[in-house]
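Have a look at the structure below before the remarks.
The values are calculated or read from the model by the stated rules, or taken from the named source; none is laboratory data. Since we're looking at a predicted model, the values are computed, not measured. Every residue, glycine as well, gets a Cβ built from its backbone with ideal geometry; the counts of neighbours run over all protein chains shown. What goes into the accessible areas is simple: the full protein's heavy atoms, side chains included, and nothing from ligands, DNA or RNA. Shrake-Rupley method; radii C 1.70, N 1.55, O 1.52, S 1.80 Å.
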Amino acid sequence: MARDLTPLFDPRSVAIVGASNDPAKWGNWLARGALTGGHRRPVYLINRNGGQVLGHETYRSLEELPDAPDLVVVAVPAGAFEQTVDAALAKGARALVGITAGLGESGPEGLERERALVQRVRDAGALLLGPNCLGVFDAGAELGLASNEFPAGSIGLVSQSGNLALEVGLMARLYGLGFSRFASIGNQADVDLAELVAALGEHEPTRLIAIYAEDFRDGRAFVNAAAHAGKPVVLLTVGRSDAGGRAAQSHTGALVSEFNVVEAAARRAGAHMVSTPAQMVDLAQALLQPRRLAGNRVAVLGDGGGHGAVASDVAAAAGFELPGLSDALQSQLKASLPPTAVAANPVDLAGGGEQDFFSFSRTARGLLESGEVDGVLMTGYFGGYSQYSDEFLGAETEVAGEIARAAVDSGRPLVAQSMYHDAAPNQALRAAGVPVYATIEAAVAALAALAERPQPPGVAALPLADSAPVDSGYFASRRLLEAAGVPFVAAREVGSRPEAVAAAAELGYPIVLKALGLVHKSDAGGVVVGITGEADLGEAFDRLARSLSPPSFSVERMAPLSEGLELIIGTRMHARFGPAVMVGLGGIYAELFKETAVELTPVTQLDAERMLRSLRGSALLTGARGAAALDVVAAAGAVVALSGLAATRTDIAEIDVNPLLVTPTGALGLDARIILTEGESDAD
């Protein structure tokens, strides 16, 4: 059951522990913020020395308060933090904000103390935000308990970094945007990201959720909270440069980075991923307006050939179609433009804006209402004319209103870029719900974010974990995977040359001989393929036995490599999001494409087929250049089976099926490897 976060965002009363007159201290900033809402709720300032803070009488301790404070903000040295929290709970506090640092982030001992403290908080039926956080803000409740002020608006911001949240706040202010709520999560010792996202989803004044997170804690809960929020979610996280595979023991581990898994989670959550605070605010500006692109047809509207050409190239590179406009539409547009104007796509007013500012709004409306495009990208000089005179300023600002009304009336989005993006007419455009950007690449990225999206699927609950012990040896791994539904080429385990000869006779030549017990047997020369007879088998067996001294061998039927395509499929356990499944091209194409598709488990057959078809080399599966189409359904079935196994095995860190050979009539695993979370297997 979801907890009630009202005491955190709209408390009946607030106590600031550590209130101070020193303007360089947290206790001063927090006291000032609390007192701005003093007309709505009692504010208790606590300073152990007593006296006045900011002209208000203080209390020396929580015990002296006349009533139980609903929310207690703790800004005291780390050594006094736990004692202060316990005193707040004893007094009856329902929520706490821990500004203090030095607990869970300080090391194992601090983490244990933090966990014990959280248990006491929960046992008391209270909430703890932080510790090691910047504070909390709610515009509607007039609650500003942070080091800096946040402008009011409709963005719900959750951030693990206090300074980054402040930067987002400053950038948002430049665009005329603001915040409905802000929560700094710090260590996420109690109230975590998923809980806050779910609460913001239900918070009516919040129209968009912006997140900066380094640690997702319960990642799958976050995915489902974001997927069901019912409003846009913009996610900024870190780790794009994470090598990921440096310590990996399997091919899958090397190919699936931490960030790959986070990207997969964001897709399931329906979140828009960005790389910088500026991109976060840019997308927020676009996503807060209600109009969406029903398709990818875009018209470019400019008042100069250069701007229009550059905008067209950037839009096309982003995947937009710039259709030629019909003769009828071109005639309609040119009727009120100079003879030099171009009414194709891009549309160039060619001085029309200078002669008649309203040519911008008439042309924009004509394009938006034509039905020939799904949106308009306006670029160039708009807003610049206002620099010349007050008369021009008034006229251009009026035109801005007309452009915004055209977007509203048509139900189609218009996104603008201007070299005068801060000019008053463009501020008027923003205020009326038309995003305006300084660069064309930002405008195009915003337009791309407005594409209609299906309801995000979230992630299915993991089934009950299988507690049966796992043997991670080569043949045990194969048996486990086969039982899950991954088919493998026929093989026999042997320990001597006569056994190898007998196994080959049973399976039929040609065969493959593998030396087992090696971490990476292929790299060590422990695999011999294409053995066609007993003599060759004997020679290969003796050579591997002498050079590698393996505990045993595998004799395997030679798969029809020339008839199919090698894939690599596998899973990796992520600390926050659980198991993820990966598929990529193998063999000679692995280095050529260097691409994988990753999804959180479990996946459906449809999910797996979509993963395979998303690969850049997917044409090799569907019959490139007259080659036979391969059995994508069978390959996807193997991915589903692998995904299902990983979803039930929390004791497995990584699984490799490398390669999985896909042929026109099925799919076969040719090698298997399992890495346990508590150690590594004995075979590659």
Under the 0.36 nm per residue contour assumption, what length would be gained going from the current alpha-carbon distance of residue 86 and residue 40 to full extension? 13.9 nm
Proportion of all alpha-carbon pairs of the stretch 65-118 beyond 17 Å (%): 34 percent
Express the relative contact order of the chain as a whole percentage, based on alpha carbon pairs under 8 Å and six or more residues apart in sequence. 9 percent
Over all Cα pairs of the stretch 1-115, how is the pair count split among 10 Å bins, expressed in % and running from 0 up to the last occupied bin? 15, 46, 31, 8, 0
In vacuum, with every alpha carbon of the chain counted as one equal point scatterer, what does the Debye formula give for log10 I(q)/I(0) at q = 0.11, 0.12 Å⁻¹? Two decimals, please. -1.10, -1.18
Of all accessible surface on the chain at a 1.4 Å probe, what whole percent is carbon and sulfur? 52 percent
Exposure rank, largest accessible area first [422, 70; 1.4 Å]: 422, 70
Please work out whether the stretch 160-248 counts as rounded, prolate or oblate from its C-alpha gyration tensor, where a ≥ b ≥ c are the square roots of the eigenvalues and a/c under 1.5 means rounded, while otherwise a/b larger than b/c means prolate and anything else oblate? oblate
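Write down, largest first, the equivalent ellipsoid semi-axes of the stretch 350-426 in whole Å, where each equals the square root of 5 times an eigenvalue of the alpha-carbon gyration tensor.
Listed largest to smallest, the semi-axes of the stretch 350-426 are 21, 12, 11 Å.
When N is the residue count of the stretch 398-509, what does its C-alpha Rg come to as a fraction of 2.2 N^0.38 Å? Kindly include the intermediate steps, with their values, before the conclusion.
On the way: Rg = 31.9 Å, N = 112, 2.2 N^0.38 = 13.2 Å.
In units of the 2.2 N^0.38 Å rule of thumb, it is 2.42.
Indicate, rounded to the nearest 5 percent, the antiparallel portion of the DSSP beta bridges found entirely in the stretch 1-126.
15 percent
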A correct Karplus calculation of ³J(HN,Hα) over the stretch 416-422, with 6.51 cos²θ - 1.76 cosθ + 1.60, θ = phi - 60°, whole Hz and x for Gly and Pro, returns 10, 10, 8, 5, 10, 5, 9
Please report the projected area of the stretch 490-605's Cα convex hull averaged over all directions, in nm². 9.4 nm²
Nearest 10 degrees, 0 to 90: what angle lies between the long axis of helix 605-614 and the longest principal axis of the chain (Cα atoms)? 80 degrees
Alpha carbon centre of the stretch 27-41 versus the stretch 357-397: separation in Å? 45 Å
Rounded to whole Hz, the Karplus (6.51, -1.76, 1.60) HN-Hα couplings of the stretch 342-350, x for glycine and proline: 10, 10, 7, 9, x, 8, 10, 5, 6
Roughly what would the spin-label model give for residue 622 and residue 2, points 7 Å off Cα along C-beta, in nm? 4.0 nm
Note down the accessible area of residue 475, probe 1.4 Å, to the nearest 10 Å². 30 Å²
Of all DSSP beta bridges having both residues in the chain, the percent classed as antiparallel (nearest 5) is 50 percent
If contacts are Cα pairs under 8 angstrom and at least 6 residues apart, what is the relative contact order of the stretch 255-400 in percent? 25 percent
With no solvent term and unit scatterers on the alpha-carbon positions of the stretch 290-427, Debye gives log₁₀ I(q)/I(0) at q = 0.16, 0.21, 0.22 Å⁻¹ of -0.75, -1.33, -1.46
Which semi-axis lengths, in whole Å and largest first, follow from the square roots of five times the eigenvalues of the Cα gyration tensor of the stretch 578-669? 23, 14, 12
Quick one: helix 108-123 against the long Cα principal axis of the chain, what's the angle to the nearest 10°, folded into 0 to 90? 60 degrees
Can you list the GluC sites (Glu not before Pro) in the stretch 416-496 that are in a DSSP coil and have 11 or fewer other beta carbons within 10 angstrom? 452
Please work out how much accessible surface residue 39 shows to a 1.4 Å probe, ignoring ligands, DNA and RNA, in Å² rounded to 10. 130 Å²
How big is the stretch 126-179 by Rg and Dmax over its Cα atoms, in Å? 11.1, 37
Give the distance, in whole Å, between the Cα centre of the stretch 612-684 and the Cα centre of the stretch 130-158. 47 Å
Shape parameters for the stretch 273-359, alpha-carbon atoms, Rg then Dmax in Å: 15.4, 44
The chain - accessible surface per residue (Å², probe 1.4 Å): 41 Å²
For the stretch 554-609, what class follows from the C-alpha gyration tensor (a ≥ b ≥ c being the square roots of its eigenvalues): rounded when a/c is under 1.5, otherwise prolate if a/b is larger than b/c, else oblate? prolate
